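Here the structure is laid out as structure tokens; the discussion comes afterwards.
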Number of protein chains: 2
Amino acid sequence: MLRRLDSRAAEFRSQLQDLLAFETSQDPEVDARVAAILDDVKHRGDAALIEYTQRFDGVDTNSMAQLEITQEQLQEAFERLLPQQKDALQAAAARVRRYHEHQKASSWQYTDEDGTLLGQQVTPLDRVGIYVPGGKASYPSSVLMNAIPAHVAGVPEIIMVVPTPRGERNDLVLAAAYIAGVTRVFTLGGAQAVGALAYGTQTVPQVDKITGPGNAYVAAAKRRVFGIVGIDMVAGPSEILVICDGSTDPDWIAMDLFSQAEHDEIAQAILLCPDAAFIEQVAASIERQLPEMPRADIIRASLTGRGALIQVKDLQEACDIANWIAPEHLELSVEHPQIWLPELKHAGAIFLGKFTSEALGDYCAGPNHVLPTARTARFASPLGVYDFQKRTSLIQVSAAGAQTLGRIASTLAHGEGLQAHARSAEYRLDEK
Amino acid sequence: MLRRLDSRAAEFRSQLQDLLAFETSQDPEVDARVAAILDDVKHRGDAALIEYTQRFDGVDTNSMAQLEITQEQLQEAFERLLPQQKDALQAAAARVRRYHEHQKASSWQYTDEDGTLLGQQVTPLDRVGIYVPGGKASYPSSVLMNAIPAHVAGVPEIIMVVPTPRGERNDLVLAAAYIAGVTRVFTLGGAQAVGALAYGTQTVPQVDKITGPGNAYVAAAKRRVFGIVGIDMVAGPSEILVICDGSTDPDWIAMDLFSQAEHDEIAQAILLCPDAAFIEQVAASIERQLPEMPRADIIRASLTGRGALIQVKDLQEACDIANWIAPEHLELSVEHPQIWLPELKHAGAIFLGKFTSEALGDYCAGPNHVLPTARTARFASPLGVYDFQKRTSLIQVSAAGAQTLGRIASTLAHGEGLQAHARSAEYRLDEK
């Protein structure tokens with residue numbers, strides 16, 4: 001079922017390039033519809049939100065009050081969970097919180113020889129919006145992964161939006177919001193929810209940044225409001241790259257590939273391995289285990305369409321290919337993973353050793369599961385506390401510093417033809 | 001000439017809102033032309049670059065070799081400068097470098113009770129592109145401010161593009177590239193330069209992130225390639241907000257307002273002051289000094305169109321208004337600036353005390369002059385070393401950790417209907 005590639009083949013690089021090819025669709029039709037929805041929400045506010053929510057989500061409502069979920073309702077949703085679910089959510093939240101505490105940046109400053117103070121002040125954002133998908137792809141873990149870093153950063157107001165198609169609310173999602181410290185929850189989705197957060201309406205407060213995954217409409221809306229508010233990355237389909245030396249149980253590797261493939265028909269699961277016999281064992285395990293999986297159809301479509309088992313020369317070559325791919329998730333399922341870690345430059349997250357299945361990282365190990373996709377790990381980072389903090393430069397020039405700096409600034413400003421800049425520096429000189 | 005506002009007026013908030021109103025234009029016609037240029041560069045590479053550079057920049061060339069500036073030519077440009085200019089550029093570069101060294105983030109990790117290792121690996125980007133505007137708004141200081149943070153981050157390859165209308169090269173700009181450690185320089189501009197960096201051509205290498213200011217075409221192109229490469233903020237017109245208690249020389253304040261206004265007819269300069277008499281002194285100084293300025297026409301257009309002198313109740317109210325405005329540059333020209341600093345939450349950079357004219361910060365104090373504009377300081381930060389580093393999460397679960405984490409992950413995965421996730425966690429349990 002799965003395509004096999006061999007790194008020694010002459011056409012390997014172009015095969016790999018074709019396999020990876022995925023451009024975030026910027027469908028002009030979607031974009032035009034999104035532009036119209038955003039404009040409508042901007043100008044008509046709540047009235048537009050109610051109409052779109054009736055039309056797109058099939059929610060029978062005529063007031064914004066019905067589209068807000070209270071803290072009491074969030075708590076009730078939590079109370080309705082099984083004890084085992086409550087424990088798992090709380091344990092995951094505690095671990096995610098502890099990990100993210102390590103990311104908090106602090107203000108710093110220093111004083112130079114002239115007595116000039118320089119530094120950077122780090123402060124949390126005032127208010128952020130979290131988009132949580134609804135319906136069948138409704139993930140409580142996403143609520144934790146978006147809200148907890150904001151909470152750790154010290155953001156005072158966290159506004160969550162989640163569509164509830166035909167009015168169906170997901171207790172696990174609401175319970176996660178309760179545990180993660182979300183301030184307000186609105187049952188809104190699509191471009192209209194993004195518009196509400198970006199512009200504010202009579203009821204929905206305007207936020208400073210919007211994070212969280214969504215469909216093509218949500219992605220197009222986020223791209224459009226970028227600049228009015230901050231956004232996180234526009235995410236592509238999920239991916240896993242497994243590097244295995246052949247020492248891990250092939251059933252484990254097959255299941256790890258499935259765990260990515262089951263997300264989406266266009267998710268991508270790739271194995272890099274120097275051991276041809278092991279690759280065949282994994283292939284056999286895939287055939288054997290696939291029929292048992294409830295989401296077998298999605299997995300099959302993903303593996304057939306975008307998956308690959310790739311034989312490589314050795315682990316060094318596997319690392320080189322991994323750097324070119326810059327995968328979202330990278331499992332380094334080898335006997336001595338720390339030896340190979342320094343060779344890996346680009347990945348959203350690296351899962352080291354055979355016990356570290358990607359699923360553990362997705363839910364509860366601690367690190368964030370919102371990761372750069374589609375080769376963007378070349379320049380982007382996992383969602384983190386740093387996404388909910390911002391920096392302000394501080395400069396307090398002393399009387400003495402103004403003499404040194406003033407002369408330099410004056411020379412450069414004249415060189416750029418900006419005489420007001422030059423003169424404003426020169427005014428601070430003792431001798432003009 | 002300048003409009004006067006009073007914070008006690010009933011209509012003040014709406015006046016302020018109108019004054020600040022500025023939406024990054026997303027002109028559909030510009031966008032369509034940019035899309036066509038990007039597509040052309042993507043598919044035809046160098047040939048397209050040569051054609052556009054002939055057409056838009058009036059450069060008479062038929063080979064890419066003529067559009068690259070060698071390291072020798074950069075050095076020659078530096079040698080041609082006046083001694084005073086060489087010293088000023090080098091002093092500015094050294095101070096900018098020293099300040100930015102403070103921003104370098106480091107990798108970290110910890111081990112939890114179960115022996116599971118968690119952390120984050122921080123690495124530089126491989127290759128970045130810096131867009132430098134050409135022609136009349138050609139600023140060597142921008143070269144330093146974009147290239148030095150990348151260099152401090154450890155980026156091995158820094159590719160600069162700068163248009164040279166009618167073939168005119170600016171020695172100061174090339175000398176700055178020489179000093180700042182730029183790897184290669186191409187005389188390209190506009191959307192075609194952005195396309196070359198984003199997709200790569202036969203000659204121009206593909207980069208991982210593009211930073212630097214540009215006109216509407218450059219901004220639209222950066223917005224379009226966002227996702228294929230990283231970009232910094234899409235910048236709006238420059239702004240200064242001065243808070244003054246009336247203790248600074250009014251001529252200094254007037255000149256500080258000019259130094260922002262002279263950038264652009266749509267730049268914004270605003271004064272907040274509780275002292276009505278001082279406001280009149282500044283207004284008189286503006287009238288008196290304006291005719292002396294070489295860029296008087298631009299300054300007048302900017303001050304008349306978008307400037308304001310605003311009388312406030314007291315300095316506390318000035319800080320509150322400043323937080324709402326979230327200005328790019330904030331001068332706190334008061335006698336005891338440190339008292340008011342804790343009241344200020346949102347600004348790109350804060351210039352404390354009367355000796356700290358914004359111009360000193362623009363050129364040589366040390367902090368970056370690429371700052372968030374148009375109220376984006378609510379969520380965005382100055383350009384910094386952190387823009388040229390990225391993070392990779394690290395997880396190495398121990399055999400013991402796999403037992404605890406596996407149970408949590410399994411419960412949550414079943415709750416989300418993702419059975420392959422659950423099973424991949426369960427495979428790592430001792431008792432299944």
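The values are calculated or read from the model by the stated rules, or taken from the named source; none is laboratory data. Values in this document were obtained by computation on a predicted structure and should not be read as measured data. Glycine gets a Cβ as well: all are built from the backbone with ideal geometry, and neighbour counts include every protein chain shown. For accessibility, only protein heavy atoms count, side chains too; no ligands or nucleic acids. Shrake-Rupley method; radii C 1.70, N 1.55, O 1.52, S 1.80 Å.
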Specify which residue in the list B:Val173, B:Leu81, B:Ala48 is farthest towards the positive end of the charge dipole of chain B, using unit charges on the beta carbon of Lys, Arg (+1) and Asp, Glu (-1), about the Cα centre.
B:Ala48
Return a whole-number percent for the relative contact order of the stretch B:212-281, with Cα pairs under 8 Å and 6 or more residues apart as the contact set.
32 percent
Which value, in debye to the nearest 20, gives the size of the charge dipole of chain A about its Cα centre, when Lys and Arg are +1 and Asp and Glu are -1 at the Cβ?
860 debye
Before anything else, pin down the relative contact order of the stretch A:1-125: Cα pairs under 8 Å, at least 6 apart, normalised by residue count, whole percent.
8 percent
Starting from the Cα of B:Lys104, draw a straight line to each of the aspartates and glutamates and keep only those under 17 Å, dropping any in the same chain fewer than 8 residues away.
A:Asp387, B:Asp126, B:Asp387
Mean residue ellipticity at 222 nm from the helices of chain B, using -39,500 (n - 2.57) per DSSP H segment of n ≥ 4 over the full residue count, to the nearest 500 deg cm²/dmol?
-13500 deg cm²/dmol
Given R₀ = 30 Å, FRET efficiency for B:Gln66-A:Trp324 by Cβ-Cβ distance, to 0.05?
0.40
Please average, across the residues of A:113-126, the number of beta carbons from any other chain that are within 10 Å of each residue's own beta carbon, and give a whole number.
4
Scaled to the compact-protein estimate 2.2 N^0.38 Å, what is the alpha-carbon radius of gyration of the stretch A:142-268, rounded to two decimal places?
1.26
Mind checking the stretch A:93-196 for trypsin sites (Lys or Arg not before Pro) that DSSP puts in a loop (not H, G, I, E or B) and that have at most 16 other Cβ atoms within 10 Å?
A:Arg169
Amide hydrogen neighbours beyond the local backbone of B:Ile210, cut-off 5 Å, H modeled:
B:Gly129, B:Gly230, B:Ile231, B:Asp232
Which distance in nm do the two modelled labels at B:Gln54 and A:Glu280 give, with both placed 7 Å along the Cα-to-Cβ direction?
5.9 nm
Suppose every Lys and Arg Cβ carries +1 and every Asp and Glu Cβ carries -1, with no other charges. What dipole size does the protein assembly as shown come out with about its Cα centre, to the nearest 20 debye?
200 debye
Using unit Cβ charges (K, R positive; D, E negative) and no other charged atoms, how large, in debye to the nearest 20, is the dipole of the stretch A:28-231 about its Cα centre?
480 debye
Once normalised by the length of chain A, the mean sequence separation of its alpha carbon contacts under 8 Å that are 6 or more apart gives a contact order in percent of 20 percent
Using only the Cα atoms of the protein assembly as shown, what do you get for the radius of gyration and for Dmax, in Å?
27.9, 87
Compactness check, the stretch A:307-399: C-alpha Rg relative to the 2.2 N^0.38 Å globular estimate gives 1.41
Pairs from A:Lys42/B:Lys390; A:Lys42/B:Lys222; A:Lys390/B:Lys42; B:Lys313/B:Lys345; A:Lys390/B:Lys86 whose Cα-Cα separation, in the structure shown, is over 23 Å:
A:Lys42/B:Lys390; A:Lys42/B:Lys222; A:Lys390/B:Lys42; A:Lys390/B:Lys86
Compute the distance in nm between two label points, each set 7 Å from the Cα along the Cα-to-Cβ direction, one at A:Met1 and one at B:Thr123.
3.2 nm
Can you send over the solvent-accessible area of B:Thr116, 1.4 Å probe, protein chains only, in Å² to the nearest 10?
0 Å²
GluC sites (Glu not before Pro) within the stretch A:278-351: which are DSSP loop residues with at most 16 other Cβ atoms inside 10 Å?
A:Glu335
Taking only Cα atoms of the stretch B:28-231, radius of gyration then Dmax in Å
18.6, 68
Please identify, among A:Ala349, A:Ala420, A:Ala318, the residue showing maximal mean-square fluctuation in a Gaussian network model of chain A using a 10 angstrom Cα cutoff.
A:Ala420
Rank A:Ile210, B:Ala425, B:His151 by how far each Cα sits towards the positive end of the charge dipole of the protein assembly as shown (+1 on Lys, Arg Cβ; -1 on Asp, Glu Cβ) and give me just the farthest.
A:Ile210
I'd like the GluC sites (Glu not before Pro) in the stretch B:1-99 restricted to DSSP loop residues with at most 14 other Cβ atoms within 10 Å, sorted by number.
B:Glu11, B:Glu23
What FRET efficiency comes out for B:Asp87 versus A:Glu29 if R0 is 45 angstrom and r is the Cβ-Cβ distance? Round to the nearest 0.05.
0.20
Under the √(5λ) rule applied to the eigenvalues of the Cα gyration tensor, what semi-axes describe the equivalent ellipsoid of chain B? Give them in Å, descending.
41, 33, 22
Between B:Glu79 and A:Asp314, how many nm apart are label points set 7 Å from Cα along the C-beta direction?
4.7 nm
Taking 25 Å as R0, compute the FRET efficiency from the Cβ-Cβ separation of B:Gln202 and B:Arg166 and round it to 0.05.
0.50
